[in-house]
Amino acid sequence: MLKHTLKYLFLVSLVVFAVSCKKEAARPTNINLERAQGTLDSLYSHYSVDSTNLLRETYPFNDKYSATYLASVEQADVPNAYSYLWPFSGAFSAVNVLLETSGDNKYKEVLDSRVLMGLEKYFDTSRTPYAYSSYISEAPQSDRFYDDNVWLGIDFTDIYMLTKEEAYLKKAKLIWDFVISGSDDKLGGGIYWCEQKKESKNTCSNAPGAVFALKLFKVTNDSTYFLQGKNLYQWAKENLQDSTDYLYFDNVKLNGDIGKEKYAYNSGQMMQAAALLYNLTHDKQYLADAQNIAKSAYNYFFEDFKDEKGEQFKLLKKGDVWFTAVMLRGFIELYEIDKNPLYLDAFKKNLDYAWNHARDEKGLFDKDLSGRKKDESKWLLTQAAMIEMYARLAATK
């Protein structure tokens, strides 16, 4: 009897094991989500500062590094022990998207106990409206950039949409008060780039400013935000769009001179703002705007490329990888409307290629996604941008 019972239990255990293995094998794996998770681990392994929630700007660490865009001479002379705000904010975006895509609460813990705790080191209450400074508040007073704060405001609004925790929305509204304080009637409107250098009004303040305001409208239903977002979009279109290709110039100075550099994130944010406006108004002109920008951005920021196997595809041109990640936000917003897979398929091909060619043994990425040029110094924001892109593509169908 005992022999038969043991045999029965053994057979049952084999069946259970077989079913378990079948389920495990059938469980879908999302390679881009795994890549995003792995790159986040690499980021924290190589950029973390012991006993703090702050990050280094570069790997290997270089305490002589200084941002080239600062107005404050005092701040520019301070050894860069930690990252500036802008690169640090990339970790906020990256963890946000990982939380949204994975649904794993471990990223909520990383966000609250690590990212946002570190972010508060940059919060400046010595000047009003309150806002985030370009460097930690314990150092000599540093510049406050309207665009730096816009990116944070978008992230706080996004995480509020996901969690409905009022503290996030409260912070987003506080940031918006600072951002909109950077506008005036010169040049017919628009937001400046830097509080300390009111010399130009830039697409990088106004395009994401429009996105930020429209997202705030979606979560509050306060029409003030809608009108502000719509007006910022229209101002940027009238003052900074290149009428020959629908893409966006970088800035307009107060004397009317146009800075004609074209960066991926500027056009990408106007694409996203146009898509958001279409969703809110159903005005087909906004959809046409977004599609026109998308077509031109694809032609301008990608180039023909042949890999080592002779396969040809469109490769993202070498540049600021984070600019590319922000452009991707626009392509995704548009894809949710028109379901044209061309652009996202190109991004997926690029990120597949970059994983195998532009990533080193530490799991860190070079700026050149072709892998042909290697970076001796790897920038924090590049790593955060790669996490964001892999995580965003992991969520697209």
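The values are calculated or read from the model by the stated rules, or taken from the named source; none is laboratory data. As the structure is a computational prediction, the values presented were derived from the model and not from experiment. For neighbour counting, all protein chains shown are included, and Cβ atoms are generated from backbone atoms with ideal geometry for every residue, glycine included.
Applying the condition of being under 20 Å from Leu214 (Cβ atoms) and of a type in the set (Lys, Arg) to region 277-334 and asking which residue is surrounded by the fewest Cβ atoms within 10 Å (Cβ to Cβ) yields Lys284.
Taken over region 334-374, the residue count meeting the criterion of being in a loop (DSSP other than H, G, I, E, B), under 26 Å from Asn62 (Cα atoms) and touching a Leu at 6+ places or on another chain (Cβ under 9 Å) is 5.
If we only count helices (runs of 4 or more DSSP H) wholly inside region 19-134, which ones have 1 or more residues that are at pLDDT 95 or above, touching a helix residue (DSSP H, G or I) at 6+ places or on another chain (Cβ under 9 Å) and polar (S, T, N, Q)? Step through it out loud before you land on a result.
Details: elements: 31-47, 73-76, 85-102, 106-110, 116-119.
Answer list for region 19-134: 31-47, 85-102.
The set of residues in region 224-262 that are free of Cβ contacts under 8 Å to residues at least 24 places away in the same chain and crowded, with 18+ Cβ neighbours inside 10 Å is empty.
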